[in-house]
Amino acid sequence: MTKIDNKIIVALDVPEKKSAVDLVVQLRDQISFFKIGLQLYTAEGPALVREIVASGVKVFLDLKLHDIPNTVARAVESASELGVQMLTIHLSGGSEMIRAASTARKNMSILGVTLLTSATEETLREIGIKEKIDNHVLRLAELGLANEINGIVASPHELPLLRRELGDAVKIVVPGIRPSWSEPGDQKRFMTPREAIDAGADYIVIGRPITAHPDPGEAVAKILEEISA
Ligand code: C5P
């Protein structure tokens with residue numbers, strides 16, 4: 001499997017620019033897609049996003065936007081100018097907010113987050129939602145697609161349900177991945193890279209098993225081997 005067709009997105013969950021750039025430089029012969037989330041974006045801002053895009057790799061900007069429709073639309077416009085490939089929004093913002101994001105996007109995919117994997121049924125009860133998690137996740141995913149988002153971020157737990165109910169056309173990006181040889185850490189419901197791809201993931205997001213490995217390049221090589229075996 002070559003860099004071009006591999007499905008791995010490496011999460012750059014590091015506190016500052018140097019560690020992020022070092023990882024991109026180390027991995028860019030093997031990996032073409034990197035995720036920048038709230039930690040790194042809050043520390044380094046759009047300048048680092050531009051710099052990483054300019055280095056020739058693709059960027060998934062995981063900001064999980066959730067605000068009034070006008071504010072989300074303006075933020076989506078700003079993100080579109082950065083040259084990133086994908087941006088996340090929270091689907092619990094409702095149809096008007098989702099549509100504002102879809103309408104404002106330019107040359108970029110909008111991915112919807114349904115329910116955070118840290119949430120439990122107890123969390124839903126606390127905020128007044130009486131549904132089962134699966135029903136809630138599916139309803140939000142359908143709301144997103146009805147309002148023209150491009151894909152969904154789904155945990156391994158939800159992936160089979162969403163793939164079955166939503167069909168093959170929708171892009172599904174799956175974090176919570178642990179290669180067979182790595183420590184689960186705080187990920188409770190994880191899948192191996194191979195299991196997630198077999199279950200229909202378009203992309204898998206992997207952070208610590210690669211970034212905290214003493215040799216990140218070797219970790220990627222082992223994962224690619226595991227996927228193509
Ligand atoms: O280090 P690890 O592989 O657990 O990193 C997973 C990445 O995916 C992190 O950036 C985390 O924030 C993100 N993520 C997740 N679960 C979700 C959504 C995003 O683990 N439901």
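The values are calculated or read from the model by the stated rules, or taken from the named source; none is laboratory data. Treat the numbers as computed from the prediction; the structure is a model and nothing was measured. Virtual Cβ from ideal backbone geometry, glycine too; neighbours counted across all protein chains shown. Calculation scope for accessible area: heavy atoms of the full protein, side chains included, ligands and nucleic acids excluded. Shrake-Rupley method; radii C 1.70, N 1.55, O 1.52, S 1.80 Å.
So here's what we get for this one:
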item	result
When residues of segment 165-191 are limited to those that are in a loop (DSSP other than H, G, I, E, B) and open to solvent by less than 30 Å² (accessible area, probe 1.4 Å), the one modelled with the lowest pLDDT	SER182
Residue satisfying condition, being farther than 22 Å from VAL24 by Cα, surrounded by fewer than 17 Cβ atoms within 10 Å (Cβ to Cβ) and in contact with a strand residue (DSSP E or B) (Cβ under 9 Å, 6 or more places away or on another chain), within set GLU96, GLU121, GLU148	GLU148
ALA119 part of a loop (DSSP other than H, G, I, E, B) and under 27 Å from THR103 (Cβ atoms)	no
Tally, over segment 7-45, of residues that are open to solvent by 80 Å² or more (accessible area, probe 1.4 Å) and polar (S, T, N, Q)	3
Residues of segment 105-118 that turn out to be modelled with pLDDT of 95 or more, within 16 Å of the ligand (Cβ to nearest atom) and open to solvent by 60 Å² or more (accessible area, probe 1.4 Å), as a count	0
Identity of the residue in segment 193-213, over 18 Å from PHE60 (Cβ atoms) and within 12 Å of the ligand (Cβ to nearest atom), that ends up most open to solvent (accessible area, probe 1.4 Å)	ALA212
Some residue of segment 143-157 being more than 12 Å from the chain's Cα centre (by Cα) and over 28 Å from ILE68 (Cβ atoms)	yes
Identity of the residue in segment 46-88, open to solvent by less than 30 Å² (accessible area, probe 1.4 Å) and part of a helix (DSSP H, G or I), that ends up nearest to THR103 (Cα to Cα)	ALA73
Candidates GLU142, GLU158, GLU148 - the one that is in contact with a helix residue (DSSP H, G or I) (Cβ under 6 Å, 6 or more places away or on another chain) and either under 20 Å from MET86 (Cα atoms) or at pLDDT 95 or above (or both)	GLU148
Complete set of residues in segment 192-221 that are farther than 26 Å from GLY144 by Cα, in a loop (DSSP other than H, G, I, E, B) and among the acidic types (Asp, Glu)	ASP215
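Listed here are the residues, each with its yes/no results for (1) closer than 16 Å to SER109 by Cβ; (2) assigned to a helix (DSSP H, G or I).
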| residue | (1), (2) |
| --- | --- |
| GLU131 | no, no |
| HIS136 | no, yes |
| ARG139 | no, yes |
| LEU143 | no, yes |
| ILE149 | yes, no |
| ILE152 | yes, no |
| SER155 | no, no |
| PRO160 | no, yes |
| ARG163 | no, yes |
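This table checks each residue for (1) within 24 Å of LEU145 (Cβ to Cβ); (2) within 16 Å of the ligand (Cβ to nearest atom); (3) at pLDDT below 95.
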residue: PHE34; (1), (2), (3): no, yes, no
residue: PRO46; (1), (2), (3): no, no, no
residue: SER55; (1), (2), (3): no, no, no
residue: VAL76; (1), (2), (3): yes, no, no
residue: GLY83; (1), (2), (3): no, no, no
residue: MET97; (1), (2), (3): yes, no, no
residue: THR103; (1), (2), (3): yes, no, no
